[in-house]
Amino acid sequence: HPLMVRPHNVQRDRRIAMVKVSKEGATPWFDLPGGALDPGEDDAAALVREFGEETGLIVRPGALVLRASQRFFKAEGEPVNNRSGHYLAEITGEDAKLKIEDDHQLVWFDPRDALVRLRHDSHAWAVLSWLRALDRTAADD
């Protein structure tokens, strides 16, 4: 099963980047941007490429926050075990020419709202883990 990468805390005005995915014949859903590694690609390269293809944003990969595995059925009904790495990432620019996935629309959510909107539990777990780490860091200050 392919390894997926998802930068889960790309922020703007305290909101996180997500994509609304609209496929013909299916109810739209929300995901964190990201996807499978191409042959020979490492996590960082896949993260930058996938984020650009889905959103048009240019990001700089940061630290790995967690790895997750979740079994689910794709929109076409195919079962898959989605193994993913969730990374910190920073927006460094924007290039509309990078965006090639017309069924993906960039949307911004408050992280707490994202927890209930995200299609995959593993994505929500990554966001929750990040929020808890922020809360622990704030408590230490």
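Figures for the structure shown
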item	result
Peptides ranked, highest mean first, by Cβ atoms within 10 Å: ranges 123-130, 88-95	123-130, 88-95
Set of the range 39-67 residues, backbone N closer than 18 Å to the point 7 Å along the Cα-Cβ line of LYS23	54-55
Selection from GLY34, PRO61, LEU115 lying farthest towards where the dipole of the chain points positive, charges on Cβ	LEU115
Whole-Å semi-axes of the ellipsoid equivalent to the range 56-118 (Cα gyration tensor, √5λ, descending)	23, 18, 14
Calculated Rg and Dmax of the chain using C-alpha coordinates, Å	14.5, 49
Residue-normalised accessible area of the range 87-141, expressed per residue, 1.4 Å probe, Å²	66 Å²
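The values are calculated or read from the model by the stated rules, or taken from the named source; none is laboratory data. Computed from a prediction, not measured in an experiment: that's the story for all the values here. Virtual Cβ from ideal backbone geometry, glycine too; neighbours counted across all protein chains shown. SASA here: full protein model, heavy atoms, side chains in, ligands and nucleic acids out. Shrake-Rupley method; radii C 1.70, N 1.55, O 1.52, S 1.80 Å.
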